[in-house]
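Q: Quick one: the structure is below, and I'll ask about it shortly.
The values are calculated or read from the model by the stated rules, or taken from the named source; none is laboratory data. Just so it is clear, the structure is predicted and the values come from calculations on it, not from any experiment. Here the Cβ is made from the backbone with ideal geometry for all residues, glycine too, and neighbour counts use every protein chain on show. Note: accessible area is taken over every heavy atom of the protein model, side chains too, but ligands, DNA and RNA are not part of it. Shrake-Rupley method; radii C 1.70, N 1.55, O 1.52, S 1.80 Å.
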Amino acid sequence: MEESGFRRNGAEDAAYGHRPVLLQECLAALEIRPDGTYLDGTLGRAGHSLEIVRRLTTGRLIGVDRDEAALTAARERLRDYMDRVTLVHNNFERLDEILDELGIGGVDGMLFDLGVSSPQLDDAGRGFSYMHNASLDMRMDRTAALTARQVVNEWSYEELRRILYEYGEERYAPAIAAAICRQRDEAPIETTLELAELIRRAMPAKALREKQHPAKRSFQAIRIAVNGELDSLPPMLAAAAERLRPGGRLAVISFHSLEDRIIKRTLQELATGCTCPPEFPVCVCGRKPKLRLITRKPVTPGPAELTYNPRARSAKLRVAEKL
């Protein structure tokens, strides 16, 4: 699809509170066939899915999301194409189970746009934002048991420090975790602004002079922990490699370095054949590559996209093809 075609739909994207990231690059990567079967494992507000399904005739699109609000919005946005769309409320880490239940053996392309979506961030009541006051929730799937309130008020100092450091890459993780524990000993921490202010007070003055909000990394870490975002990536990627048809494409968009490192490492492993030592005269491991890497380096947004969608700045797209 030409760039001008995307601009034509810009008002529609804005109306749905979501601009699909790296849209043209994803469409090119998937090499969509009109009669193919495609899966959008992170449906969101269906920005990518809408452009995929517009290219199908006898083909089929499976849209998966664990956020019921996203499925409701997507159903409305895709209403003119529902004869070729199946929507599923589930987590993409259960990819095998989803396809088995639908009776689908293999698909021609899969897309995963990771992280929290703009509508989730902009919905103050969801508790993802440190800019709006709300209950500490942060669940992408509102039927899930674990909430941010439980993480903040019930997890040990050691676990809080670990997730802040590992998931948020927060260098002041020990001080922030200690401040959370001191505060909750007096009274439970209930709201996003209460937590954001507590984090701000725990950080040294030099950290407060940084451009980004002092609570950004900590909120990211807690959100990742609540939703198990990193743990679900390797099984999803392995299942995708099995369920793609030969020649089928896998496209994955990540938004921070932790995700990208996992995706890069897992795709490289899936694209690796024999791992026997070089001195072995014949292969004894029997390992064969499942994928071929299409992008050796991640694709990132260009200047034009960043002018209308600054939230895309950290996006990285990696693509592989089933052998």
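Q: Among the residues of segment 126-147, are any touching a strand residue (DSSP E or B) at 6+ places or on another chain (Cβ under 6 Å), open to solvent by less than 20 Å² (accessible area, probe 1.4 Å) and not hydrophobic (A, V, I, L, M, F, W, C)?
A: yes
Q: Taking the conditions exactly as written (touching a residue at least 24 places away in the same chain (Cβ under 8 Å), of a type in the set (D, E, K, R) and assigned to a helix (DSSP H, G or I)), does E97 satisfy them or not?
A: The answer is no for E97.
Q: For a quick check of your reading of the model, give me the residue pairs whose first member lies in segment 166-191 and is over 15 Å from M203 (Cα atoms), whose second is open to solvent by 70 Å² or more (accessible area, probe 1.4 Å) and outside any helix (DSSP H, G or I), with beta-carbon atoms closer than 9 Å and at least 6 apart or on different chains.
A: E190/S135; T191/N133; T191/S135
Q: Six or more apart or on different chains, Cβ atoms under 6 Å: show the pairs whose first residue is in segment 284-305 and closer than 27 Å to Q24 by Cβ and outside any loop (DSSP other than H, G, I, E, B) and whose second is among the small types (G, A, S) and modelled with pLDDT of 95 or more.
A: Qualifying pairs under 6 Å: L291/A241; L291/A271; L291/A320; L293/A271; L293/A320.
Q: What residue, among those in segment 265-309 that are open to solvent by less than 70 Å² (accessible area, probe 1.4 Å) and of a type in the set (S, T, N, Q), is farthest from D113 (Cα to Cα)?
A: Ranking the candidates gives T272 first.
Q: Further, regarding this structure: Are there any pairs with C-beta distances below 9 angstrom linking a residue in segment 258-278 that is free of Cβ contacts under 8 Å to residues at least 12 places away in the same chain to a residue that is assigned to a loop (DSSP other than H, G, I, E, B), with the two at least 6 apart or on different chains, and if so which?
A: C276/V282; C276/C283; C276/V284; C276/C285; C276/R287
Q: For the condition closer than 29 Å to L121 by Cα and open to solvent by less than 20 Å² (accessible area, probe 1.4 Å), what is the one hit in F255, F219?
A: F219
Q: Looking only at segment 70-97, which residues are touching a Pro at 6+ places or on another chain (Cβ under 9 Å), closer than 17 Å to R19 by Cα and open to solvent by less than 20 Å² (accessible area, probe 1.4 Å)?
A: A70 - this is the single residue of segment 70-97 that is touching a Pro at 6+ places or on another chain (Cβ under 9 Å), closer than 17 Å to R19 by Cα and open to solvent by less than 20 Å² (accessible area, probe 1.4 Å).
Q: Confirm whether R209 is among the charged types (D, E, K, R) and modelled with pLDDT under 95.
A: Numbers: among the charged types (D, E, K, R): yes; modelled with pLDDT under 95: yes.
Taking the combined requirement at face value, the residue satisfies it.
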